[in-house]
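One structure below.
The values are calculated or read from the model by the stated rules, or taken from the named source; none is laboratory data. Predicted model only: the values in this text are computed from it and were never measured. Reconstructed Cβ throughout: ideal geometry from the backbone, glycine too, with neighbour counts over all protein chains shown. Only protein heavy atoms, including side chains, enter the accessible area calculation; ligands, DNA and RNA are left aside. Shrake-Rupley method; radii C 1.70, N 1.55, O 1.52, S 1.80 Å.
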Amino acid sequence: MLDPKGRVAMVSGGSRGIGKAIAERLLALGYTVSIGVREPSRIEPREGMSVHRYDATEAAAAAAWVEATTALHGRIDVLVNAAGINSMARLSDGDETALDSLWLVNVKAPMRLIRAAWSALAAGGEGRVINLASLSGKRVKNDNVGYAMSKSALISLTHAVRREGWELGIRASAVCPGFVETDMTGHVTKLPRDQMSKPEDLAELVATLVRLPNTATVAELLMNCRHEDTL
């Protein structure tokens with residue numbers, strides 16, 4: 001396993017839910033953590049953690065956050081794309097506003113961050129990219145086709161990163177959970193919240209992935225809180 005000491009991890013969406021749990025777990029392991037959030041003033045920085053403004057809807061935000069992280073910490077070893085939205089975009093919807101937002105935040109924003117951090121991730125020969133996708137990117141079980149499409153595209157992006165970054169030592173994994181007990185699933189009524197996966201458990205899996213050596217990479221990690229025949 002890779003030693004977290006001296007390694008720097010960027011985590012988007014680090015102010016709540018899954019992103020916060022991942023940031024906290026990496027910090028506890030000894031990583032220096034740079035979190036990107038829309039309103040940094042609401043978060044009190046702690047030892048080993050820096051807080052930066054990052055809005056996934058802004059094209060220039062990725063490069064600005066990467067530049068700020070490298071200027072402060074000198075390197076980037078891990079990039080966790082945890083920021084995401086779950087707007088409803090049905091197949092029958094004529095208004096594509098929600099679909100465009102899903103594509104921007106769930107696909108283009110992670111791609112921009114990866115692109116901006118690429119050189120830094122390659123510099124150490126053991127760069128890690130974790131994309132928080134979803135089981136919705138592996139199958140479609142509800143009317144939100146836009147969300148499923150965006151998460152499927154994020155999985156494809158992960159495989160592109162694996163292909164292009166392999167010789168540089170960059171390893172990428174798409175983490176695909178089912179229902180997780182966060183604000184994003186607050187509207188779900190068909191499954192009791194105490195039966196959903198916990199952000200802390202997902203964070204533990206991510207922490208394992210980023211510490212695996214180059215010779216033990218995981219392309220896709222599927223996590224579920226209920227039984228599904230093909231998953």
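Couple of notes before you dig in:
- Residue within segment 51-60 that is open to solvent by 10 Å² or more (accessible area, probe 1.4 Å), among the aliphatic types (A, V, I, L, M), under 19 Å from residue 206 (Cβ atoms) and in contact (Cβ under 8 Å) with a residue 40 or more places away in the chain present: yes
- Taking segment 172-223 as the range and being open to solvent by 20 Å² or more (accessible area, probe 1.4 Å) and assigned to a strand (DSSP E or B) as the test, the residues that pass are 220, 221, 222, 223.
- Pairs, first touching a residue at least 12 places away in the same chain (Cβ under 8 Å) in segment 65-92, second open to solvent by 60 Å² or more (accessible area, probe 1.4 Å) and part of a strand (DSSP E or B), C-beta under 8 Å, six or more apart: 65/53
- Residues satisfying the stated conditions in segment 159-200, i.e. over 18 Å from the mean Cα position of the chain (by Cα) and farther than 30 Å from residue 123 by Cα: 186, 187, 188, 189, 190, 191, 192, 193, 194, 195, 196
- Checking 109, 82, 120, 98 one by one, the residue that is under 13 Å from the mean Cα position of the chain (by Cα) and open to solvent by 10 Å² or more (accessible area, probe 1.4 Å) is 82 and no other.
- Complete set of residues in segment 123-161 that are open to solvent by less than 20 Å² (accessible area, probe 1.4 Å) and without any contact (Cβ under 8 Å) to a residue 24 or more places away in the chain: 148
- Residues of segment 29-70 that are touching a Phe, Trp or Tyr at 6+ places or on another chain (Cβ under 8 Å) and among the aromatic types (Phe, Trp, Tyr): 54, 65.
- Test: residue in segment 39-49 that is closer than 21 Å to residue 129 by Cβ and surrounded by 21 or more Cβ atoms within 10 Å (Cβ to Cβ): no
- Looking only at segment 13-35, and only at residues there that are free of Cβ contacts under 8 Å to residues at least 60 places away in the same chain and not in a loop (DSSP other than H, G, I, E, B), the one that is surrounded by the fewest Cβ atoms within 10 Å (Cβ to Cβ): 28
- The set of residues in segment 1-12 being farther than 13 Å from residue 210 by Cβ and either touching a Lys or Arg at 6+ places or on another chain (Cβ under 8 Å) or open to solvent by 40 Å² or more (accessible area, probe 1.4 Å) (or both) consists of 5, 6.
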